[in-house]
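Down below is the structure, laid out as structure tokens.
The values are calculated or read from the model by the stated rules, or taken from the named source; none is laboratory data. Just so you know, these numbers come straight off a predicted model, no measurement behind them. Here Cβ is always computed from backbone atoms with ideal geometry, including for glycine, and neighbour counts include all displayed protein chains. Accessible surface areas use protein heavy atoms only, side chains included; no ligands, DNA or RNA. Shrake-Rupley method; radii C 1.70, N 1.55, O 1.52, S 1.80 Å.
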Amino acid sequence: MSSIIQLLPDHVANQIAAGEVVQRPASVVKELLENAVDAKATDIKLIIKDAGKSLIQVIDNGVGMSVTDARLCFERHATSKIRQAEDLFSLYTKGFRGEALASIAAIAHVEMKTKQGQEELGVHIVIEGSKFVSQEPAVVPNGTSFAIKNLFFNIPARRNFLKSETVEQRHIVDEFQRVAMAHPNIHFTMYHNGSEMFNLPISNYRQRIVTIFSGKTNEKLVPVKEETDIVNLHGFIGKPEFAKKNRGEQFFFVNNRFIKSGYLHHAIMAAYEGLLKDGAQPSYFLYLDVPPHTIDINIHPTKTEIKFDDEHALYAILRSAVKHSLGQFNVAPLLDFDRDPNLDTPYQYQNKEAEYPTIQVDRSYNPFAEDKPNPSFRSVSYKKTEVQPNWESLYVGLKQAGQEIAEMTFENEAVTSSLFDDTETEQEVRRTYQIHKKYIVSPIKSGMVIINQKRAHERVLYESFLTNMTVHQAVSQQLLFPLPLYFSPTEITLIKELQPALESTGFLFEAVHHDHILVSGLPVNVAESEVSIVLEELLSAMQDEIPSQSFSQNDTIAKSMAKSLAIKTGTYLSGKEQENLVHNLFACKEPNVSPFQKPTFITMSVEDLDKKFSL
Ligand code: ADP
Ligand code: MG
């Protein structure tokens with residue numbers, strides 16, 4: 001048989017390599033920014049259009065390239081950063097593979113302008129899909145500008161695979177922030193679709209972090225510092241009371257390169273042990289400088305993992321340094337472990353008369369009628385029944401739920417109806433009992449029902465938010481003075497995007513500025529003291545993906561707000577509150593599951609009980 005092996009042409013090899021290096025627009029951003037940093041720039045601009053799908057441009061004032069280098073840099077394995085294998089062990093640059101530009105040029109239209117300081121003229125090169133289109137001398141500033149247009153123009157599968165603009169933009173911002181945080185000595189700016197998103201002047205590490213994550217970050221930070229033979233550690237950790245619900249503010253940099261490490265993360269969590277509420281995530285911004293020969297970065301081109309020579313020692317150093325800082329800055333003793341939080345008055349109730357939640361009850365409704373729930377009762381809870389068509393689709397399985405409620409008739413007509421008389425007195429027979437501040441138990445005709453109070457309340461709130469949003473009739477409580485709330489630029493972008501949906505729940509925004517918003521109205525069931533937590537949790541729920549359809553956006557918002565605002569396990573409920581909850585739950589369209597599809601109640605029949613006793 002004849003020989004069949006051939007060497008792949010360069011442009012094919014480059015396109016294949018691009019599959020590894022360039023997964024999405026954000027990968028290009030990372031490579032270009034890192035090249036600009038390696039070129040010793042002190043000013044780097046990132047310009048993005050349509051989340052990088054139409055344009056990614058990076059302009060730096062670095063050393064620039066000679067005409068020959070300008071041409072060579074697009075060749076595979078063309079790098080100025082290493083010359084021999086040993087150089088890999090003393091690497092202080094970000095790049096060294098010489099793959100990025102060749103890969104990017106294989107799958108996009110690239111325009112490059114570059115000039116070295118000592119030259120009169122620079123060069124302007126255009127490449128499309130690995131093919132040189134033009135090369136001309138040009139009058140350009142010192143430094144280099146790369147403009148990448150029509151990314152993936154020749155790989156439609158990749159292009160179609162890209163996520164929504166919000167998601168791609170989010171990835172780009174992540175990469176931008178990581179590089180910017182590692183280099184406070186460089187002035188970074190970022191523009192998206194013509195407007196400035198970040199302007200980060202040359203500063204120190206602390207200021208850089210604060211500028212990126214908004215002014216409120218400053219008070220949260222505690223410095224960390226430790227110098228040893230194997231690592232120089234510096235940076236900041238967040239005070240425990242500011243811990244977040246998500247891991248959005250956790251950063252390790254090794255030799256000024258952002259890395260991920262589950263192992264080192266564990267060391268930090270160990271240092272915070274006992275200081276955090278369940279599931280809370282501390283913020284950290286930690287910079288580790290290690291001798292380059294003690295790490296192996298010769299891994300996958302885009303991976304952010306790294307191998308250390310002496311991981312165990314690093315773990316121990318990190319943990320003790322963080323612990324020390326937490327202690328030294330008097331953070332730990334503030335926490336009083338003996339206090340039972342259940343005994344505290346929730347902040348928003350302090351100095352307030354206790355009041356019953358309002359309920360909507362149709363007094364003519366007889367829950368013990370044998371047939372289906374009375375339509376007039378429904379219409380009280382859900383003022384409009386002519387809802388938009390997609391509203392109903394949420395409630396697949398509705399029939400089933402309806403049947404279950406219909407079957408779950410309460411035991412004794414006389415007692416139940418009297419519960420809702422205004423003249424109710426202490427002596428009346430109680431029909432609900434709270435156990436362990438967690439469940440509400442109530443007898444029903446067939447036996448008993450046990451309701452999970454938190455999940456039940458989530459369901460009630462969720463449906464009420466969703467109703468408001470779908471029929472656009474949310475009621476707002478106006479605030480006397482607009483409430484300023486501070487957010488990072490990324491969060492502000494999210495808020496802008498969600499603004500119409502949030503307003504349909506009852507929020508009113510007097511203004512949305514680049515680093516803060518002014519809230520002038522709140523949904524009726526949100527207290528002023530709860531706003532910031534509600535919005536923060538909402539943003540963190542949205543962080544990974546904002547659903548593009550407004551319908552699912554509403555759903556996500558309603559879910560998140562219901563979760564934030566629902567009474568928690570461990571909250572005491574008065575008899576009246578218990579009853580309200582039970583009745584509101586069973587007035588829901590889908591009472592049997594929480595918005596997160598967990599059961600809200602279980603029933604136990606008398607036979608079940610009998611069986612238990614017959615043993
Ligand atoms: P690597 O960064 O791994 O060396 P790249 O393909 O990213 O590979 O870049 C190839 C070479 O092009 C670099 O080694 C550098 O010499 C040159 N280069 C790339 N970007 C710039 C820039 N912004 N300024 C100056 N030189 C650059
Ligand atoms: Mg590079």
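Accessible area per residue, 1.4 Å probe, Å², for segment 448-601: what's the number? Before the final figure, lay out the partial values.
On the way: 5770 Å² over 154 residues.
With the other protein chains kept in place, segment 448-601 gives 37 Å² per residue.
If one computes the Cα centroid of segment 89-141 and of segment 477-517, what distance in Å separates the two points?
If we compute the Cα centre of each part, the gap is 42 Å.
For residue 251, tell me the accessible area in Å² from a 1.4 Å probe, rounded to the nearest 10.
10 Å²
Please work out whether segment 62-162 counts as rounded, prolate or oblate from its C-alpha gyration tensor, where a ≥ b ≥ c are the square roots of the eigenvalues and a/c under 1.5 means rounded, while otherwise a/b larger than b/c means prolate and anything else oblate? Mind showing how you got there, number by number?
On the way: a/c = 2.21, a/b = 1.11, b/c = 1.98.
Taking the square roots of the gyration eigenvalues as a ≥ b ≥ c, segment 62-162 is oblate.
What part of the accessible area of segment 10-200, given as a whole %, is carbon or sulfur when the probe is 1.4 angstrom?
51 percent
Convex hull over the Cα atoms of segment 205-328, averaged projected area in nm²?
Its average projected convex-hull area is 7.6 nm².
Each residue of segment 220-225 in turn: what ³J(HN,Hα) in whole Hz from Karplus with 6.51, -1.76, 1.60 and θ = phi - 60°, glycine and Pro shown as x?
Computed from phi, the couplings for segment 220-225 are 7, 8, 10, x, 10, 8 Hz.
Starting from the Kirkwood Rh over alpha-carbon pairs, what translational D in µm² s⁻¹ does segment 448-601 have by Stokes-Einstein at 10 °C and 1.306 mPa s? Display every interim value, and only then the final one.
Values: Rh = 16.1 Å.
D = 99 µm²/s.
For segment 205-328, what's the relative contact order in percent, using C-alpha pairs closer than 8 Å and at least 6 residues apart?
30 percent
Can you count the Lys pairs in segment 448-601 with C-alpha separation below 23 Å, eight or more apart or on different chains?
Within segment 448-601, the lysine pair count is 19.
I want the local charge near residue 210. Using Cβ-Cβ distances under 15 Å, sum +1 for each Lys or Arg and -1 for each Asp or Glu among the other residues.
In short, +1.
Rounded to the nearest 10 Å², what accessible area does residue 67 have for a 1.4 Å probe in the complete protein model?
Solvent-accessible area, nearest 10 Å²: 80 Å².
What is the sum of charges around residue 280, taking Lys and Arg as +1, Asp and Glu as -1, for the other residues whose C-beta is under 14 Å from the C-beta of residue 280?
Local net charge: 0.
Is the shape of segment 450-541 rounded, prolate or oblate, going by the alpha carbon gyration tensor and its root eigenvalues a ≥ b ≥ c, with a/c under 1.5 for rounded and a/b larger than b/c for prolate?
In terms of gyration-tensor shape, prolate.
Would you work out if segment 173-240 is rounded, prolate or oblate? Take a ≥ b ≥ c from the square roots of the eigenvalues of the alpha-carbon gyration tensor; rounded if a/c is under 1.5, else prolate when a/b is larger than b/c, oblate otherwise. Each step should come with its number before you reach the end.
On the way: a/c = 2.66, a/b = 1.70, b/c = 1.56.
Judged from the Cα gyration tensor, segment 173-240 comes out prolate (a/c at least 1.5, a/b above b/c).
Tell me, what ³J(HN,Hα) does each residue in segment 44-51 have, in order and in whole Hz, if you take phi through Karplus 6.51 cos²θ - 1.76 cosθ + 1.60 with θ = phi - 60° and put x for Gly and Pro?
Each residue of segment 44-51 in turn: 10, 10, 10, 10, 10, 10, 6, 6 Hz.
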